[in-house]
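The values are calculated or read from the model by the stated rules, or taken from the named source; none is laboratory data. Bear in mind the structure is a predicted one, so any value in this text is a computation, not a measurement. Note that each Cβ is placed from the backbone with ideal geometry, even for glycine, and that neighbours are counted across all protein chains shown. Heavy atoms of the whole protein, side chains included, go into the accessibility calculation; ligands, DNA and RNA do not. Shrake-Rupley method; radii C 1.70, N 1.55, O 1.52, S 1.80 Å.
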Amino acid sequence: MERNLARSIDRADCLVDVSVVARQAGIAGNAERSLLRIELVAAALVRRTGDPDASLYLVADASLLGGRRRFADPAEARRLQDWVNRGLVEQVPDADERVLELAEMTGLPVITNDYYVDHRDSRPWIQGNDWQFLKPVPARGGTVELKPLHMGVRSPHEISRKAEESVLKKQGLLGAGRVPLENVVGRSWRCPARGCALYDTARGNSVLLPRMRAGRPTCELHALTLLDQGSRAAAAQLKLLLEGCCVARFTLDAGSTTRVGRSPGDGGLSLHGLIPDQLLARISRSHIEIEARETGLWVKDLSSYGSRVRRPRCGGSQGSWSPLPSDRSTDFGPGDELQLMPAVVLTRSGRRFPAELSRAWQDPKPEGPQPDPGTATSYFP
Ligand SMILES: [Zn+2]
């Protein structure tokens, strides 16, 4: 289980509102609180993504650990405390607020069972959002499945106006010294308190994203305004799927151009050793080229036999395959799939680039046929 818990949001595939999910009766019995529900969610994400290392970033409020007797088993409360101590759970006074803040900063999918109705005035991007939330539902044999949770639209007189507002525009009105939320993730921060390294990106794998207070990034612990330490390269996460199972992960830094293939040369991503030789023979030396710009990822076919791309539709099902152009670059968004040859697919997961976030909240995906819930391959995460 611990292998699926992310210490840093950069590694995460999904956010989990632990305070909601651990209290979701009907899964793993009806106890008031159960950590087993989180384990079942992790197992569901592994199955859904085909990635044994699929990674959850857990956020819980401190009250969850109060009243330990409410857990199905007292050992679970001790285990949760252990996760908190080891930095595997971010514990905050108000988990809802923090989960939504992180979701807004990163665009990561959120596993929850809450519609966050009382947060919609302050976070209009939740309204009508049908791509960012997943809910655990009981499935066969005591397991859990993750299904899209459509947030729907509340208070209709509000929404048409708010949906048209871009998030950036809204935050641009906040005034001097305020940082647009999506840009917070692209900067490095330091807490001015002596010895505080909570936000120190140089320190390795456990970096917190700032807590926003009145539009300013602050330290969760010291409540001081963080100091801007300069820009931090955006990075995109790619997964290589072989027959639907994740066999490798790659990170692409913004500003880089990377060729992927059988033998792509210096700086390229070689698939040699990652997929069987008989499949490798049908991959070109340089098969595709991926350019990571500040606006997102752009991809072009370079292969002899061609590649294909498909994109998620509204509602979470995948669209149909179409040839990947070789004469121009096309965008490669989170949830898109690139098929180098049958059985060999690259997908994007993890956080979105800031420009992609504003696009996702502004432009609803085109309507597609409603998915058959039994067969739909959703694009989460
Ligand atoms: Zn601090």
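The table that follows gives values for the structure above.
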read-out	value
Candidate set: segment 64-105, residues that are under 22 Å from the mean Cα position of the chain (by Cα), not β-branched (Val, Ile, Thr) and not in a helix (DSSP H, G or I); chosen: the one farthest from GLN132 (Cα to Cα)	ARG86
Output for segment 288-304, where each listed residue is more than 15 Å from THR347 (Cα to Cα) and of a type outside the set (D, E, K, R)	THR295, LEU302, SER303, SER304
Verdict on VAL247 being closer than 24 Å to PRO52 by Cβ and either touching a residue at least 60 places away in the same chain (Cβ under 8 Å) or charged (D, E, K, R) (or both)	no
Verdict on GLY296 being more than 22 Å from ALA235 (Cβ to Cβ), modelled with pLDDT under 90 and crowded, with 21+ Cβ neighbours inside 10 Å	no
Qualifying residue in segment 134-148 (condition: in contact with a strand residue (DSSP E or B) (Cβ under 8 Å, 6 or more places away or on another chain) and more than 14 Å from VAL21 (Cβ to Cβ))	yes
Flag if ALA42 is touching a residue at least 12 places away in the same chain (Cβ under 8 Å), small (Gly, Ala, Ser), in a loop (DSSP other than H, G, I, E, B) and under 21 Å from ARG351 (Cβ atoms)	no
Filter result (open to solvent by 10 Å² or more (accessible area, probe 1.4 Å) and assigned to a strand (DSSP E or B)) within segment 1-32	LEU5
Strands (runs of 3 or more DSSP E) within segment 281-326 that include 1 or more residues within 16 Å of LEU269 (Cα to Cα) and of a type in the set (A, V, I, L, M, F, W, C)	288-293, 296-301
Any hit, segment 51-63, residues being touching a residue at least 12 places away in the same chain (Cβ under 8 Å), open to solvent by 60 Å² or more (accessible area, probe 1.4 Å) and part of a helix (DSSP H, G or I)	yes
Strands (runs of 3 or more DSSP E) contained in segment 188-276 and holding at least 2 residues away from the ligand (no atom under 14 Å from the Cβ) and β-branched (Val, Ile, Thr)	245-253, 257-261
